[in-house]
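A.B. asks: Have a look at this one.
The values are calculated or read from the model by the stated rules, or taken from the named source; none is laboratory data. This is a predicted model, so every value here is computed, not measured. In this analysis, Cβ positions are derived from the backbone assuming ideal geometry, glycine residues included, and neighbour counts consider all displayed protein chains.
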Amino acid sequence: MTHYYFDNAATTPMSPTVVTAMSQALADDFGNASSTHYFGRQSHHLLDQSRQVIANSIHAKTDEIIFTSGGTEGDNTAILGTAVSYREHGKHIITTQIEHPAVLKTMSFLEKLGYDITYLPVDEHGLVTAEQVKAALRPDTILVSIMTGNNEIGTIEPIAEIGAVLKDHQAIFHTDAVQAYGILDIDVQKMGVDLLSISGHKLHGPKGIGFLYMNEKVNLEPFMHGGEQEHLRRAGTENIPSIIGLAQAVKDLTPANKKAKREKLQSLKTTLIADLKANKVDFAINGPQPDQALPHVLNIWIKGLPSTLALMNLDLKGFAVSAGSACTAGSLEPSHVLTAITGDQDAPQISESLRVSFGDQNTEESVHLLAQAITEVTQDYLN
């Protein structure tokens, strides 16, 4: 049986160019980048090259890039680092109700330490406004953390508008751009962000590697303590092969390639929606309209079809999709994102929705097959 992967918001397969680059590095570039001999210098050179590639991709300076183990560490470093380093300026933090668990659970931890967290509500499309942020600001607000693009429903938040609101306020501005970076054009200068976290495995790179952009004007207490790596900002021997793999994935994301990718993914999404309508599947789209969301994410409510049953039967037919964030897939709790946009944790779409997320390897033909499989599963259960 042929298997088709439509869960690219959870993780993506590594591209051949990344596999090749990492294979060479694993074989040849084993030196510790902190060592002063030839092997160490060679690794350090590759580290510097990779940092430059990544800095250029977001219009940042090379010394503003800190390599991490991924999005979760990046989020934790940004949030906890700000909370500790700026606690004398206040203990109020602003975020939204639909952030990734790496943000929300870190906020919950800070609440236990006495920090005051404001969770901004979102509308039915998952949007928060700059006006909401402005209204929530206080003199003791030290951090605002709002994601660039939502991993469950694809909402693209108005980050640049929020950045403009925060320009003259003391609050540090962090965004989790894990879902958006491989899809949208990211410019930290235009966005007005101070901190931005990224994960490699969401852009056809390796797992276990990512980076945190930290504006040179921001000085945070390190999250990891030990050696003097990453300019004293993140201790631990650098994972050179994975860093090279991440840099290769970024090199592959040229502006032209990103534009073509967005167009392809949007087309695949449009095809699936059209096929389901043609097959008379009773469904609705959760979140923003398809052309206003991240092009690779589509969250649909198939009315009357339990998500758990749909996932199991689609998997048996060879199709991998999800019911929401992979980071909470084992949880019995309802989706906090769908709860936030409906305002009701008992709303039927919370237990009857699927997330289809497209990637480079998907084709029009495979989307047609997916639509047919969804139609068959729906008809078998409801008829």
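A.B. asks: List the helices (runs of 4 or more DSSP H) that sit entirely inside segment 212-289 and contain at least 3 residues that are closer than 29 Å to Val356 by Cα and at pLDDT 95 or above.
C.D. replies: The helices (runs of 4 or more DSSP H) meeting that bar are 240-252, 255-278.
A.B. asks: Take the conditions touching a Gly at 6+ places or on another chain (Cβ under 8 Å), within 30 Å of Ala160 (Cα to Cα), charged (D, E, K, R) and at pLDDT 95 or above and apply them to Glu73. Does it pass?
C.D. replies: yes
A.B. asks: Got a sec? Which of Ile54, Ile93, Ile66 is modelled with pLDDT of 95 or more, closer than 16 Å to Leu203 by Cβ and in contact with a Phe, Trp or Tyr (Cβ under 8 Å, 6 or more places away or on another chain)?
C.D. replies: Ile54
A.B. asks: Given the conditions (1) touching a residue at least 60 places away in the same chain (Cβ under 8 Å); (2) more than 29 Å from Phe6 (Cβ to Cβ); (3) surrounded by fewer than 15 Cβ atoms within 10 Å (Cβ to Cβ); (4) not basic (Lys, Arg), which single one is not true for Leu232?
C.D. replies: Result: Leu232 fails condition (1) only.
A.B. asks: Follow-up. Restricting attention to segment 1-23, which residues are modelled with pLDDT of 95 or more and either in a loop (DSSP other than H, G, I, E, B) or basic (Lys, Arg) (or both)?
C.D. replies: Thr2, His3, Phe6, Asn8, Ala9, Ala10, Thr11, Thr12, Pro13, Met14, Ser15 - these are the residues of segment 1-23 that are modelled with pLDDT of 95 or more and either in a loop (DSSP other than H, G, I, E, B) or basic (Lys, Arg) (or both).
A.B. asks: Which of (1) touching a strand residue (DSSP E or B) at 6+ places or on another chain (Cβ under 8 Å); (2) among the hydroxyl-bearing types (Ser, Thr, Tyr); (3) under 27 Å from Ile65 (Cβ atoms) is the odd one out, the single condition Tyr119 does not satisfy?
C.D. replies: For Tyr119, the failing item is (3).
A.B. asks: Are any residues in segment 187-205 touching a strand residue (DSSP E or B) at 6+ places or on another chain (Cβ under 9 Å) and under 17 Å from Glu64 (Cα atoms), and if so, which ones?
C.D. replies: Val188, Met191, Gly192, Val193, Asp194, Leu195, Leu196, Ser197, Ile198, Ser199
A.B. asks: Then there is this: Name every residue in segment 1-25 that is farther than 23 Å from Leu298 by Cβ and surrounded by 14 or more Cβ atoms within 10 Å (Cβ to Cβ), in order of residue number.
C.D. replies: Met14, Thr17, Val18, Val19, Ala21, Met22, Ala25
A.B. asks: Taking segment 218-248, which residues are on the phi > 0 side of the Ramachandran plot and in contact with a Pro (Cβ under 8 Å, 6 or more places away or on another chain)?
C.D. replies: Leu232
A.B. asks: Also, I was wondering about something else. What is the one condition in (1) polar (S, T, N, Q); (2) within 17 Å of the chain's Cα centre (by Cα); (3) surrounded by fewer than 21 Cβ atoms within 10 Å (Cβ to Cβ) that Gln132 does not satisfy?
C.D. replies: Checking Gln132 against (1) polar (S, T, N, Q); (2) within 17 Å of the chain's Cα centre (by Cα); (3) surrounded by fewer than 21 Cβ atoms within 10 Å (Cβ to Cβ), the one that fails is (2).
A.B. asks: Further question: Whether any residue in segment 303-322 is closer than 19 Å to Asn151 by Cα and assigned to a loop (DSSP other than H, G, I, E, B) is what I want to check.
C.D. replies: yes
A.B. asks: Which of the residues spanning segment 94-115 are surrounded by 15 or more Cβ atoms within 10 Å (Cβ to Cβ) and among the hydrophobic types (A, V, I, L, M, F, W, C)?
C.D. replies: Once the filter is applied, which keeps residues that are surrounded by 15 or more Cβ atoms within 10 Å (Cβ to Cβ) and among the hydrophobic types (A, V, I, L, M, F, W, C), segment 94-115 yields Ile94, Ile98, Ala102, Val103, Leu104, Met107, Leu110.
A.B. asks: If you take the residues in segment 29-49 that are surrounded by fewer than 14 Cβ atoms within 10 Å (Cβ to Cβ) and not polar (S, T, N, Q), which one is nearest to Ala235 (Cα to Cα)?
C.D. replies: The residue in question is Asp48.
A.B. asks: Then there is this: For segment 150-209, give me the residue count where each residue is among the basic types (Lys, Arg), surrounded by fewer than 23 Cβ atoms within 10 Å (Cβ to Cβ) and under 30 Å from Ala323 (Cβ atoms).
C.D. replies: From segment 150-209, those among the basic types (Lys, Arg) are 167, 190, 202, 207; that's our starting set.
Those still in the list that are surrounded by fewer than 23 Cβ atoms within 10 Å (Cβ to Cβ) too: 167, 190, 207.
Those left that are additionally under 30 Å from Ala323 (Cβ atoms): 207.
Residues meeting the conditions: 1.
A.B. asks: Looking for whichever is in the same structural domain as Lys277 (by TED's automatic domain parsing) and buried (at least 23 other Cβ atoms within 10 Å of the Cβ) here; the options are Ser307, Ser353, Ser366. Which one fits?
C.D. replies: Ser353
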